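What follows draws every value from the coordinates through simple rules; no lab data is involved. Source: prediction; values computed, not measured. Counting neighbours? That spans all protein chains shown, and the Cβs are built from the backbone with ideal geometry, glycine included.
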Amino acid sequence: MATFSSLGMEERLVNVLKNNGINEPTPIQEKAIPSVLQKKDVIAQAQTGTGKTLAFLLPILSKINPDKQAIQALIVSPTRELALQITAELNKLTEALGNLNALAVYGGQDIQGQLKKLEKQAQVVVATPGRLLDHMRRETIDLSSISMFVLDEADQMLHMGFLPEVETIIEALPENRQTMLFSATMPKEVRQLAKNYMNDPEDIRVKAKQVTVEDIKQMVIETTDREKQEKLMRVLDQFRPFLAIIFCRTKRRTMKLNTALQQNGYLSDELHGDLSQSKREKVMQRFRDMKIQYLVATDVAARGIDVEGVTHVINYDIPQDAESYIHRIGRTGRAGGDGIAITFVASKDKQYLRLIEKGIKGQIKRKEI
């Protein structure tokens with residue numbers, strides 16, 4: 001069985017991992033770390049929750065020169081939450097490396113404060129596309145020393161309409177750099193991006209453990225659009241979830257549903273891209289502290305969320321492919337707990353249900369409410 005040492009990680013990083021309770025690599029780490037250490041370009045397909053962040057952070061930290069006061073690695077992620085999460089992981093690891101600085105650059109944060117921190121010179125920058133471009137236009141960030149570039153959650157960049165920004169960023173980077181692209185799904189636009197900007201990349205795929213599907217009790221509730229809201233409330237009353245994430249297709253539907261739930265006395269709140277950073281953090285904290293039971297969210301806002309104790313995932317709006325479905329329902333039943341996934345299906349959604357059932361190789365039980 002592989003260990004971090006056998007993958008080529010240096011002892012002090014192995015010790016930091018041990019101190020954080022991480023003793024053995026996950027499949028994506030086992031496959032990606034050696035390739036990244038060999039300076040190969042890597043295109044890796046892996047879901048959130050597979051340990052992919054460490055798959056690029058560990059080899060990056062092994063190769064950074066802490067004495068060189070310049071940005072050597074750039075990690076671009078679609079959302080502020082994800083950028084903050086990656087930076088938090090980074091900071092845990094860099095504590096042991098002494099003079100190594102990491103900086104998160106994202107919107108909704110005081111730009112003057114960022115400028116001051118950039119002057120101090122970080123060796124690793126984690127950024128969202130919009131704010132990074134802002135710094136590039138102001139010429140307040142120097143990308144000329146970057147030798148390692150990571151594009152994380154590339155498919156979400158696509159869904160959020162960030163691909164043009166991403167291309168602008170890539171074109172400003174030094175040509176002879178190592179590029180790593182991580183994505184949960186591989187739409188053709190993401191493949192094309194890899195083709196355009198990567199050099200003979202190593203293709204790494206890690207199947208999400210089938211656990212996500214097999215250990216979760218799944219059911220479909222047939223409905224019409226008109227009845228959907230009322231049926232959802234009946235489901236909440238009947239199943240009494242401890243903590244549930246309720247997925248909607250758009251920000252607007254998220255806001256409308258959350259308002260309806262709150263008016264009916266349910267402890268809910270909403271999570272979507274229009275919220276300010278501090279509001280998003282407050283909502284997530286209230287969910288973690290169980291001050292609210294129901295988090296009504298869009299896919300994009302919920303990327304990277306990992307809250308213990310989520311007993312139910314409810315697809316108020318059906319996802320449009322099997323990978324997104326597996327991704328969503330994988331947020332429940334973590335760490336050996338039982339999870340329940342409930343999907344509402346109107347007649348216009350039948351085609352998506354067929355795709356999902358084909359993808360998970362099984363029929364989902366229909367349930368009457």
Practice task
Using the Karplus curve 6.51 cos²θ - 1.76 cosθ + 1.60 with θ = phi - 60°, work out ³J(HN,Hα) for each residue of region 311-322 in order, rounded to whole Hz, and write x for Gly and Pro.
Solution key: 8, 9, 10, 10, 8, 4, 10, 5, x, 9, 7, 5
Fill in the blank from the handout: For residue 18, the lysines lying under 18 Å Cα to Cα, once residues fewer than eight places off in the same chain are dropped, come out as 52, 92
Exercise for the section: State the Kirkwood hydrodynamic radius of the chain in Å, one decimal place, computed from all pairs of distinct Cα atoms. Expected result: 21.6 Å
Handout entry: Given 40/68; 228/361; 31/282; 256/350; 228/358, the pairs whose alpha carbons are separated by over 32 Å
Key = 31/282
Completion exercise
Ranked output for segments 231-243, 109-121, 140-152, 75-87 by mean other Cβ atoms within 10 Å, highest leading, reads 75-87, 140-152, 231-243, 109-121
Handout entry: Among 280-288, 16-24, the order from most to least packed when residues are scored by Cβ within 10 Å on average
Key = 280-288, 16-24
Handout entry: Length-normalised contact order of region 26-121 in % [C-alpha pairs under 8 Å, at least 6 apart]
Key = 22 percent
